[in-house]
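What follows is a single structure, written as structure tokens, with notes after it.
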Amino acid sequence: KQWYQRRVAITAGGDVIVDSLADPDLFLETQQCMGVLNFSKELQRKIFRFAAGVLHLGNTQLKSNKRDEGCTIDDAQWIDKACHMFGVNAVEMTKALIKPRIKVGNEYVHKGQNAEQVKYSINALCKSVFEKLFKLVLDMCNETLETKLRKNFFIGVLDIAGFEIFEFNSFEQLCINLTNEKIQQFFNHHMFTLEQEEYRKEGIKWDFIDFGLDLEPTIELIEKNMGVFAVMDEECIMPKASDQTFLSKLTLCHNNKHPKFLKPSAKSSMGINPVHFQVIHYAGVVGYNVDGWLDKNKDPLNENVVELFVKSKDPVFSKLFEAPEVAHTGRGRKKGGSFQTVAMIHKQAVEHLLNTLQQTTPHFIRCILPNMKKKSGIIEAKLVLEQLRCNGVLEGIRIVRKGFPNRLLYQEFVQRYTILAPKAIPAGFVDGMKATEKLVEALNLEENEFRMGYSKIFLRAGVIGSLEDKRDERVKEVLIGFQTLARGWLARKRFRKLLDLRVGVLVAQRNTRQYFILRKWQWWRLFTKVKPLLSVTRQEEEFKEKEKEIERARIQAEEFKVHTDDLQARLDAALTENGKVKDTLTKEQQAAI
């Protein structure tokens, strides 16, 4: 439990337990997948060792010295474990972190660092190790999946979480939101292009608006000249620059000058998570806190530690840091020695991604998380609405509503909405477009609410909903009429049954009354006693009838017997004749021989 609690320092997530997921099963599944991709057992163990080393290194606790501005390691077990995982000396690692050796003029001296500086250095090392470990896994996967076939055709999957709008937004959120701005711009432009192509094919006249341009001001504010990234990169090379000087310069450049830049209110700029400036993003207004931005943008690695990593006893780990440019900075250098910041690298990565997307035929799938409990049947409305806003779905709907978002083939439109005006279309064969025109005229649709294409009818937003409401009412009327007829027929059937039952009751009553009247009448008593004897006279007639039937059957049997005997005689004669013919034939054959 202690390990999970300390792990928050590097994962910021704590111990997350999901009932439907089991970590041991997922770990075995991960190992199986790595085995399929030709990861050797030894390489798998090293990958897990390095990942564990990152967690251990992130758990390092620091304690400030009282006599100077330096610091010491509070609990050496974590850094010892990390060094063991990385294959480096723990004592040298500690010395390189606490008092790194720097070059001053022609000499090297040891510089003492405070706890905050050491913590930044540790975090930068953790991110660098994990980044290189991640690239190692990717390179291995690509090497296994490498093919000699042409790479002109491929299928790629880009997973985007959407805009991030938290109570505390920092440099990471700005990078993520810039990526989403550019991808959303690509999506809007692509949807605009599809709409334009659809209208062109159908011959629809419409004034086109490229909604992808709506995001351009925000993108320019972040990455163009004198934008957020440019000002931050400029401050990173200034000797006495700080986060506050960066904020001051940024506010001076854009406050009341750029439509997407806002200065927060005095209330929001105070408190635990103060907002230093705001950007109007596609998904909404996001307030950012600039604390630590310059250090995050430079993200320098401790050169002394990098040299230790290069000399690691583990050849795989050593190879991760053997590139010569890494020894100078954590993020490499451009040609000519110019320092390359995190903002520069992120900007280049996004441009490369967009260049790849523009060469493909994209398809978009919006994934919405219904709840945070990972259970089915539960929808948290606030969470879903926030995702729709951050994913740009609501703004996408706004774009589509500007044109004719609903479109149906003529045959489908006629088949679905003829019920609203059944007499509008004459009997017999009618062309789909003409039938649609007659139906639209009968439905009294205004000219601005629809457009007629070559094979489809295009409708404004809301028109299809109105037609569906009318259709539901009409279907309701038809069903009510059908129910009325069915219920009437059933009621009449039950009524006729009741009438027959009433007649039967009257007959039973009449017979019962007659019985009570006649039961004491002497003649009725005599009749009831004589009636059973009347059947004796009919028995003689029945006997005579049975005798006649027997005689007829006997005659038929004799005739059948005579006929059978005749047939048997004929059969015997035929067999005799057949035998004679065979004997004659045999004699003639013998004589011929």
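The values are calculated or read from the model by the stated rules, or taken from the named source; none is laboratory data. Note that this is a predicted model, so its numbers are computed, not measured. Counting neighbours? That spans all protein chains shown, and the Cβs are built from the backbone with ideal geometry, glycine included. The area values use the complete protein model at the heavy-atom level, side chains included, leaving out ligands, DNA and RNA. Shrake-Rupley method; radii C 1.70, N 1.55, O 1.52, S 1.80 Å.
Observations, loosely collected:
- Pairing residues of the stretch 101-126 that are touching a residue at least 12 places away in the same chain (Cβ under 8 Å) with residues that are part of a strand (DSSP E or B) and open to solvent by less than 90 Å² (accessible area, probe 1.4 Å), at Cβ distances under 6 Å and at least 6 apart in sequence or on separate chains, gives Lys111/Ile102; Asn114/Cys71; Ala115/Leu62; Ala115/Ser64; Ala115/Cys71; Val118/Leu62; Val118/Cys71.
- For the stretch 507-521, residues that are part of a helix (DSSP H, G or I) and open to solvent by 80 Å² or more (accessible area, probe 1.4 Å) total 8.
- Selection over the stretch 251-290 of residues that are outside any loop (DSSP other than H, G, I, E, B), of a type in the set (A, V, I, L, M, F, W, C) and without any contact (Cβ under 8 Å) to a residue 40 or more places away in the chain gives a count of 5.
- Within the stretch 221-266, considering residues that are β-branched (Val, Ile, Thr) and open to solvent by less than 20 Å² (accessible area, probe 1.4 Å), the one farthest from Val350 (Cα to Cα): Val231
- Applying the criterion of being open to solvent by 30 Å² or more (accessible area, probe 1.4 Å) and of a type in the set (Ser, Thr, Tyr) to the residues of the stretch 97-148, the residue that is farthest from Thr72 (Cα to Cα) is Thr147.
- Test for Ala82: is it without any contact (Cβ under 8 Å) to a residue 60 or more places away in the chain, touching a helix residue (DSSP H, G or I) at 6+ places or on another chain (Cβ under 7 Å), within 30 Å of Val118 (Cα to Cα) and part of a helix (DSSP H, G or I): yes
- Against the conditions (1) in contact (Cβ under 8 Å) with a residue 12 or more places away in the chain; (2) loosely packed, with under 14 Cβ neighbours inside 10 Å, Val88 satisfies every one except (2).
- Candidate set: the stretch 36-57, residues that are more than 24 Å from Val305 (Cα to Cα) and either assigned to a helix (DSSP H, G or I) or not polar (S, T, N, Q) (or both); chosen: the one most open to solvent (accessible area, probe 1.4 Å): Lys41
- Hey, Phe450 touching a residue at least 24 places away in the same chain (Cβ under 8 Å), open to solvent by 60 Å² or more (accessible area, probe 1.4 Å) and not charged (D, E, K, R) or not: no
- Here Glu69 fulfils each of the conditions (1) surrounded by 13 or more Cβ atoms within 10 Å (Cβ to Cβ); (2) of a type outside the set (Lys, Arg); (3) touching a residue at least 40 places away in the same chain (Cβ under 8 Å) apart from (1).
- Note on the stretch 456-490: residues that are open to solvent by less than 50 Å² (accessible area, probe 1.4 Å), closer than 24 Å to Asn406 by Cβ and in a helix (DSSP H, G or I) total 6.
- Residue in the stretch 168-185 that is open to solvent by 70 Å² or more (accessible area, probe 1.4 Å), at positive phi and not acidic (Asp, Glu) present: no
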